[in-house]
Amino acid sequence: MGNRQGRRQAQVTTIQHQPEQAAMRGLLQAVSDTLGHAVAPEWVEAAHATPRHQFLPERIWLNDGNDTYIPCDLQDNPSGWFAAAYANAPVVTQVCDGREPEDGEVWPSSSASAPSIVLQMLEALDVQDGMTALEIGTGTGWNCALLCHHLGDANVVSIEVDPEVIAGARTSLANAGRHPEVVCADGSRGWELRAPYDRVLFTCSVRRLPLPVLQQTKPGGVILTPWDNPWMTWGLLRLAVGENGTAVGRFSPDSAFMTIRQQRTDLRIFRDVVSEDHVPDQSETTLARRCVVAGDAGFSVGMRLGDVWHAWQDSPIEGVHDRLWLATTDGTSWAAVDHDGGEEDRFTVYQYGPRRLWDEAEAAYAWWVENDRPGPARFGMTVVPDGSHRAWLDRPANDWQLRG
Ligand SMILES: C[S@@+](CC[C@H](N)C(=O)[O-])C[C@H]1O[C@@H](n2cnc3c(N)ncnc32)[C@H](O)[C@@H]1O
């Protein structure tokens with residue numbers, strides 16, 4: 001009797017597992033297609049041992065394609081929920097830091113990252129048996145579980161700043177039989193108690209590599225982090241830490257992650273920057289504004305400017321179709337570049353404050369053109385032990401101080 005029940009239980013479990021195993025095979029195929037190569041066998045094994053749906057909360061948010069996030073509940077829409085779990089796309093698992101959205105503005109604050117970027121980052125991390133790893137941004141715990149499968153639970157520490165998010169991750173990890181050290185803390189301080197680490201993986205983007213994390217990485221170790229620039233959030237930075245405690249590495253043109261909480265800026269143009277008594281200088285330009293904010297040029301301009309932010313505004317005043325705002329992150333200088341909506345590329349420029357930001361953006365764009373229009377892969381970063389950051393093009397000697 002007991003045995004028969006056991007067999008029935010085993011059968012049910014096998015049947016229940018079939019859809020997720022098939023879904024995981026489909027997902028890994030999609031990941032391979034995106035990466036352009038087969039996923040390494042050790043990560044295929046880790047993924048099959050780590051069903052992604054088991055790491056998602058019952059409520060997730062789906063992007064409707066216009067950056068509007070719509071809740072999807074397991075109870076109400078199980079097939080939509082399951083499909084999202086095994087799609088090669090990020091799944092938003094928390095919005096607005098877990099608070100009620102203000103003015104109906106729903107923005108993602110935690111997610112399960114897209115599986116292709118998770119696996120790409122794990123490959124780039126180049127973990128070897130016996131190494132220790134620190135993950136900053138536990139989120140759902142899925143990435144952490146994959147790392148544990150490879151390195152063993154005892155060699156992995158994961159930090160998450162949000163208590164509600166970490167509670168879900170701890171439960172999911174335990175249900176999956178994984179027991180790494182999972183710490184609720186600010187990851188920008190690293191985790192001294194278990195340092196030094198061979199590998200550090202950020203799964204939230206940084207504008208500056210936090211100094212404690214650099215200090216807690218072994219010489220010869222690797223730090224991998226998505227990059228955030230006030231101008232444009234793009235690029236994955238892989239830093240190798242040298243014997244002298246300096247980290248040097250290159251960007252690749254991948255990834256856009258949510259910014260680490262301590263480095264977020266909430267700059268509102270009319271609240272924090274522009275005031276009625278400002279009298280800006282006026283001029284004209286013919287450089288199309290979109291050139292400087294997107295693609296390889298946008299990445300490059302962001303690197304050159306360092307501490308400048310931009311935003312678009314539709315129909316700001318009568319006779320102006322749209323306006324590009326630029327401002328320093330300290331709010332002391334700003335520029336506005338207006339187009340009247342006609343066919344001609346002719347723009348009116350207003351600039352205010354100690355810096356002429358549109359002139360700087362034009363100069364940065366000209367530098368990009370002069371240097372054969374480099375993409376992110378030609379850029380790199382050096383972080384010295386005092387924490388200062390020097391960006392460079394092609395080689396570390398060709399560098400400049402990152403502003404801000
Ligand atoms: C993209 S999600 C992480 C995805 C996660 N690795 C996974 O597999 O699901 C980014 C996470 O970073 C967390 N985070 C943001 N700032 C942080 C900080 N200072 N320290 C630790 N975690 C932070 C967010 O709360 C969020 O859960």
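Okay, here's what the table says:
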quantity	calculated
The lone exception for residue 140 - which of (1) over 22 Å from residue 25 (Cβ atoms); (2) in a loop (DSSP other than H, G, I, E, B); (3) in contact with a helix residue (DSSP H, G or I) (Cβ under 6 Å, 6 or more places away or on another chain) it fails	(1)
Any hit, region 389-404, residues being aromatic (Phe, Trp, Tyr), part of a helix (DSSP H, G or I) and either without any contact (Cβ under 8 Å) to a residue 24 or more places away in the chain or within 30 Å of residue 239 (Cα to Cα) (or both)	no
Residue that is surrounded by the fewest Cβ atoms within 10 Å (Cβ to Cβ), among those in region 92-116 that are without any contact (Cβ under 8 Å) to a residue 40 or more places away in the chain and in contact with a strand residue (DSSP E or B) (Cβ under 8 Å, 6 or more places away or on another chain)	101
Flag for residue 145 being modelled with pLDDT of 95 or more, farther than 19 Å from residue 42 by Cα and within 10 Å of the ligand (Cβ to nearest atom)	no
Filter result (away from the ligand (no atom under 13 Å from the Cβ), in contact with a Phe, Trp or Tyr (Cβ under 8 Å, 6 or more places away or on another chain) and in a helix (DSSP H, G or I)) within region 103-125	123
Residues within region 130-142 that are over 18 Å from residue 95 (Cα atoms) and either surrounded by fewer than 24 Cβ atoms within 10 Å (Cβ to Cβ) or within 6 Å of the ligand (Cβ to nearest atom) (or both), tallied	5
Count of region 342-358 residues which are touching a strand residue (DSSP E or B) at 6+ places or on another chain (Cβ under 7 Å) and either over 17 Å from residue 315 (Cα atoms) or assigned to a strand (DSSP E or B) (or both)	10
Failed item, numbered, when residue 82 is tested on (1) more than 10 Å from the ligand (Cβ to nearest atom); (2) assigned to a helix (DSSP H, G or I); (3) surrounded by fewer than 16 Cβ atoms within 10 Å (Cβ to Cβ)	(3)
Residue 156 more than 20 Å from residue 261 (Cα to Cα), more than 9 Å from the ligand (Cβ to nearest atom), of a type in the set (Val, Ile, Thr) and buried (at least 16 other Cβ atoms within 10 Å of the Cβ)	yes
Answer residue from region 244-287, given it is under 14 Å from the mean Cα position of the chain (by Cα) and of a type in the set (A, V, I, L, M) and is farthest from the ligand (Cβ to nearest atom) among those	256
Residue check, residue 70 at pLDDT below 95, within 23 Å of the chain's Cα centre (by Cα) and not in a loop (DSSP other than H, G, I, E, B)	yes
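Each row is one residue, and each column tells you yes or no for (1) free of Cβ contacts under 8 Å to residues at least 40 places away in the same chain; (2) within 18 Å of residue 113 (Cα to Cα).
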{"site": "148", "(1), (2)": "yes, yes"}
{"site": "214", "(1), (2)": "no, no"}
{"site": "226", "(1), (2)": "yes, yes"}
{"site": "230", "(1), (2)": "no, no"}
{"site": "241", "(1), (2)": "yes, no"}
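The values are calculated or read from the model by the stated rules, or taken from the named source; none is laboratory data. The structure displayed is predicted, hence computed values, not measured ones. Positions of Cβ are backbone-derived with ideal geometry, glycine not excepted, and every protein chain shown enters the neighbour counts.
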